[in-house]
1. All but one of (1) touching a Pro at 6+ places or on another chain (Cβ under 7 Å); (2) more than 23 Å from residue 98 (Cα to Cα) hold for residue 256, so report the exception by its number.
2. Could you list, in sequence order, the residues of the stretch 215-231 that are out of contact with any Leu (no Cβ under 6 Å at 6 or more places or on another chain) and crowded, with 20+ Cβ neighbours inside 10 Å?
3. Considering only the stretch 250-263, state which residues are under 19 Å from the mean Cα position of the chain (by Cα) and either crowded, with 23+ Cβ neighbours inside 10 Å or in the same structural domain as residue 139 (by TED's automatic domain parsing) (or both).
4. Please state which one of 36, 68 is part of a helix (DSSP H, G or I), among the small types (Gly, Ala, Ser) and either outside the structural domain of residue 275 (by TED's automatic domain parsing) or modelled with pLDDT under 95 (or both).
5. Within the stretch 107-137, can you find the residues that are closer than 21 Å to residue 240 by Cα and either hydroxyl-bearing (Ser, Thr, Tyr) or crowded, with 20+ Cβ neighbours inside 10 Å (or both)?
6. Please enumerate the residues belonging to the stretch 90-116 that are at pLDDT below 95, outside any helix (DSSP H, G or I) and touching a Phe, Trp or Tyr at 6+ places or on another chain (Cβ under 9 Å).
7. Identify the single condition in (1) out of contact with any helix residue (DSSP H, G or I) (no Cβ under 8 Å at 6 or more places or on another chain); (2) under 30 Å from residue 279 (Cα atoms) that residue 153 does not satisfy, given that it satisfies every other one.
8. Here are the criteria: (1) within 30 Å of residue 32 (Cβ to Cβ); (2) in a helix (DSSP H, G or I); (3) of a type outside the set (Val, Ile, Thr). Tell me which single one residue 136 does not satisfy.
Amino acid sequence: MRALSAFCLAMLLVASAAAQTYPSRPVRIVIPLSPGGTTDVPGRIIAQKLSESLGQQFFVENRAGAGGTIGSDYVAKARPDGYTLLLTASPFVIAPHVYKTMPYDTLADFAPVIRIATGPYVLVVHPSLGVNSVKELIAAAKKEPGKIDFASSGNGGAQHLVTELFMYMAGIKLNHVPYKGSGPAQQDLMSGIIKVSFVGTPIAIPHMKSGRLKALGVSTATRSPEIPEVPTIAEAGVPGYEAIVWIGLLAPAGTPRDIVAKLNGEIGKLVRADEVKKLIAPTGMEPDPDTPAQFGAYLKGDYDKWGKVVRDSGATVQ
């Protein structure tokens, strides 16, 4: 027993010492999604600011593909020493429900570090559809079930399931048209080939201003400060509706708690700074940091929520 106690104490001292000297070499932040998107831009801002504040390089490496599972799997199997991290988003908790097999356990193989920011999706329609509100869209869809097309960046992705949740709660049926990426989906939406979609605020705002798209509602429980004139979907006709875009940082399971706590404190301080808030604002995201425990509970809740949406919608990826 004395030997075991001495060993445990030694391990605690080693972990504490590692956290005090962390980081002592460059840190890789894996983003499992494509460059230039809602996750990538804030991720690069955070990496730059961490490099400045902690005196070591934090560099971003995009490992996109398979709904984010390729990059996530790489981090899940990395050494749990704080030098390989995962900066991910909402698809992280959707993928395990739509893929038949997963190379990792979404909740067990990662240590939550911090939720960094959250934001809304915007429900937009092409003007040619002739609807001006959420209630009018619901009425049009009920009049012609399955006749109005909605676009997503792919079957089983966030845009798809956010719309499935909307249809389920509104009691309507729209026709899903999945695309291979958000670019082609946006192109057909703006040309009027597709009439409805949920998009991020950086996409919605310029096309709202030009008149090429109409914004009917935001998916969050409160209005977006970027477009405060647009009501929430809940207040516009679907009470209780909420779907959040989030980005957060995770580490491989087993990463020393002191290192997780150090990263949490440093990132929390950074994202609360006015300079970082201004840099992140154009992405439509607002800083929303929490503790590792709170982020872990949030992930579990979001995992369960989207699991139900997938079961109700029948969405799968072959």
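1. All conditions are met except number (1).
2. Scanning the stretch 215-231 gives 215, 218, 219, 220, 224, 226, 230.
3. 250, 251
4. 68
5. The answer is 118, 119, 120, 121, 122, 123, 124, 133, 134, 137.
6. Scanning the stretch 90-116 gives a single hit, 90.
7. Residue 153 satisfies all of (1) out of contact with any helix residue (DSSP H, G or I) (no Cβ under 8 Å at 6 or more places or on another chain); (2) under 30 Å from residue 279 (Cα atoms) except (1).
8. All conditions are met except number (1).
The values are calculated or read from the model by the stated rules, or taken from the named source; none is laboratory data. Model, not experiment: these values are computed from the prediction. Every residue, glycine as well, gets a Cβ built from its backbone with ideal geometry; the counts of neighbours run over all protein chains shown.
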